[in-house]
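Just so you know, all these numbers are worked out from the coordinates, no wet-lab data involved. Remember, it's a predicted structure, so these values are computed and weren't measured experimentally. Because the Cβ atoms are built from the backbone with ideal geometry, glycine has one as well, and the counts that use them run over all protein chains shown.
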């Protein structure tokens with residue numbers, strides 16, 4: 001009962017946030033009042049009222065906060081996108097709708113996920129194909145060769161590659177350590193060779209496609225899953241050492257890697273060319289201050305690719321650093337709720353799957369926000385749920401749907 | 001199972017620490033780096049803030065627009081200089097890369113300011129927001145004269161200043177070589193590499209030895225300090241000897257014989273004016289020069305004038321004192337300063353403050369502020385001014401300035417042929433100077449012209465003055 005009350009309260013605040021954001025936008029319209037803002041705000045409210053209704057009404061056993069937290073983040077994202085460029089926000093609204101639909105469909109239609117653990121080979125092939133697509137047919141966008149277009153519809157295959165990589169790792173690592181007594185240490189280790197090779201190939205493709213953000217992300221996911229599956233800290237150490245060696249080699253080998261590191265070292269030196277994005281992002285965050293300039297009063301459009309990679313800077317400038325912190329906390333809470341899911345998982349495959357998807361979202365946030373504020377070398381990946389972009393939205397909601405499904409299954413049987 | 005939960009907790013802890021580290025890092029850069037970030041040159045927000053107002057227009061004295069601003073993007077607007085090179089030094093430039101210069105800099109606040117109040121805007125949010133336009137400036141420049149001066153100087157190095165002697169209004173101010181303020185980005189490297197320094201406004205910042213036009217100041221000083229000098233007669237044997245090693249000769253070694261004060265001025269006798277300089281002494285002459293704001297900041301509105309220089313000498317440095325009386329030695333003057341000398345004589349001895357802007361207008365053309373002419377002081381008595389006017393009339397009518405004469409208009413003036421230390425390796429021609437005003441009866445224009453290495457003052461500088469006066473008065 002108590003939890004339902006809390007949930008209602010949170011839901012109310014989300015509506016309030018949405019209304020405040022879009023009413024604000026209504027007033028700052030370029031030519032007097034902007035009615036589009038109000039319409040969009042109402043549509044968003046209806047959408048998450050509907051999704052929340054479906055989930056709580058028909059699937060009351062699952063985690064209630066996953067959807068709530070993701071909705072708050074998506075609202076902030078669409079709000080700032082509407083402020084920056086309303087047509088992009090409209091597209092984002094469509095993708096959000098699609099995302100919500102996928103989320104619900106996954107929960108409603110998918111059979112128990114335990115059975116999916118068998119298709120290891122399928123996941124492996126999918127992963128390798130998706131990873132290589134960019135290298136073979138990719139076109140360059142912002143220096144990374146990870147976009148392909150099919151019939152006028154362009155997307156990032158690696159985004160979907162993430163999903164299958166996690167599934168493959170979960171399927172492959174689930175057998176590790178079964179019947180411990182019979183197997184020696186070496187035989188157990190042998191079970192890790194195949195996933196190790198697949199991960200390395202994927203990382204190689206990412207570095208080749210200059211998509212260093214994804215490479216970092218894959219590494220973080222793989223190491224976390226490896227640790228959860230094996231409980232062995234020394235594997236983590238080995239991986240870290242290998243990653244550093246690999247990183248050093250690619251630093252020596254590839255100019256683009258060196259360049260990223262150089263910019264990260266002193267962005268101001270390259271402020272007019274290579275460091276432009278980072279420098280503008282830092283200026284944007286600094287000029288917002290703790291409380292921000294207020295919607296429509298800053299100049300976030302001075303930051304390049306502000307609608308996707310650098311949306312965090314725009315949010316910090318207009319809504320304040322405090323909103324940025326709040327978002328980070330919200331992401332962590334989302335991660336926390338997601339990581340609770342595998343605890344109730346029925347079998348190792350679903351648990352690992354849940355760990356993988358949770359890590360994917362959290363690591364993505366750390367990598368892109370860290371890059372945008374200059375804490376780590378900048379890599380172009382999206383901020384899940386907030387950045388504009390169809391693939392990112394779909395992937396994130398799909399993984400959240402899987403998590404919701406696992407939590408639903410786990411709870412209902414216990 | 002237990003193992004699994006512990007592992008999950010450990011992973012959560014690691015991620016919690018990473019999130020905390022990230023938030024701490026952001027706090028750190030916010031606390032210690034944000035000031036540097038905001039004030040860095042990469043921050044276009046200040047330009048964007050400025051850009052909310054469309055820069056006002058600069059007009060000539062007849063309200064013809066000289067500039068036109070258009071918005072390009074959120075952060076930038078382009079100011080088009082409709083007359084290009086012709087008004088470059090008079091107006092200056094506004095450029096997002098190279099900043100502000102000249103009038104654009106002096107009157108930046110006015111050009112970017114608009115009359116609208118904040119309150120009225122606040123209650124007006126239903127209406128489509130009108131483009132804010134900065135105030136306009138009505139300058140004192142005469143487009144026709146400016147264009148003529150530009151044409152006459154084209155291809156040479158030098159400057160022209162034309163003033164209204166009664167008000168101090170700057171009618172024309174041209175410096176050569178010029179630059180095109182519309183193409184600064186493209187031309188900047190070439191402009192900086194040019195040995196002739198096109199960016200310098202020679203009219204106010206060029207300091208030259210004035211040569212014989214300085215005799216005007218020496219004559220004024222003599223009239224004020226030596227009673228009866230205008231009736232005195234001198235012997236000019238062509239050379240003024242100070243000691244064995246140094247002497248002062250007339251131009252071309254001319255010997256004028258027995259002449260009076262008037263004739264000495266008309267024919268620009270170095271010997272006579274050198275003698276007068278010694279008679280006056282360094283102090284008296286310096287005092288007169290300083291009345292004309294030598295060695296001091298000349299008050300001016302809309303421009304900044306480089307200080308002209310008149311040196312101090314000990315009384316035994318006769319050679320230098322004599323040289324300084326004919327505008328050589330260490331005497332340096334800007335064309336603006338010399339135009340003010342001519343203008344003061346024309347205005348019966350009263351020096352007017354030079355001014356470039358006469359009115360500030362709102363974007364709709366309403367007058368917001370009028371700038372009134374200001375007197376700087378009476379530099380000579382009315383009688384002496386009349387004597388000087390007659391002398392200068394004589395220069396054009398029967399002396400060295402014959403080239404400036406116009407039929408139907410009585411032009412007054414003084415020529416100057418200034419030796420200067422050019423490149424030591426080669427023989428350089430002297431600077432050609434001319435100061436003057438017209439018409440004699442009721443002067444409405446006072447002019448100073450210098451053509452660097454242009455030869456004798458009675459030549460090219462006098463011709464340019466003639467053409468300008470013709471353009472202005474006819």
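Tell me, B:47, A:95 in order of fewest to most beta-carbon neighbours within 10 Å?
In increasing order of surrounding Cβ atoms, one gets B:47, A:95.
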Separation of alpha-carbon centers, region B:406-474 and region A:341-390, rounded to whole Å: 80
Region B:309-341 and region A:1-55: distance between their alpha carbon centers, rounded to Å: 81
Helical contribution to [θ] at 222 nm, DSSP H n ≥ 4, -39,500 (n - 2.57), averaged over the protein assembly as shown, rounded to 500: -17500 deg cm²/dmol
Helix B:184-193 axis, angle to chain B major axis (alpha carbon atoms, nearest 10°): 50
Gap separating the Cα centres of region B:178-218 and region A:203-230, nearest whole Å: 64
Candidates A:349, A:116, A:310: whichever shows maximal mean-square fluctuation once chain A is modelled as a Gaussian network with Cα springs under 10 Å: A:116
Exposure proxy ranking, count of Cβ atoms within 10 Å, fewest first, for A:335, A:103: A:335, A:103
Computed label-point distance, nm, for sites residue A:200 and residue B:32 using a 7 Å Cα→Cβ extension: 4.0
Cα-based shape type of region A:2-413, given that a ≥ b ≥ c are square roots of the gyration tensor eigenvalues and the cut on a/c is 1.5: oblate
Relative contact order for region A:2-413, counting Cα pairs under 8 Å that sit 6 or more residues apart, in percent: 23
In degrees, nearest ten, helix B:270-291 long axis to first principal axis of chain B (Cα): 40
Residues residue B:378 and residue A:27, FRET efficiency given R0 of 60 Å [Cβ-Cβ distance, rounded to 0.05]: 0.40
Fully extended contour minus Cα-Cα distance, from residue A:101 to residue A:58, at 0.36 nm per residue: 14.0 nm
Ranking of B:420, B:431 by count of other Cβ atoms within 10 Å, fewest first: B:420, B:431
Label point distance in nm, residue A:244-residue B:76, each placed 7 Å from Cα along Cα→Cβ: 4.6
GNM result for chain A, Cα springs below 10 Å: residue of A:194, A:318, A:159 fluctuating most strongly: A:194
Per-residue mean of C-beta atoms belonging to partner chains within 10 Å, peptide B:13-20: 5
Pairwise label distance in nanometres, residue B:20 with residue A:4, each label 7 Å out on the Cα-Cβ vector: 3.7
With Cα atoms, 0 to 90° folded angle of helix B:460-473 axis to chain B main axis: 70
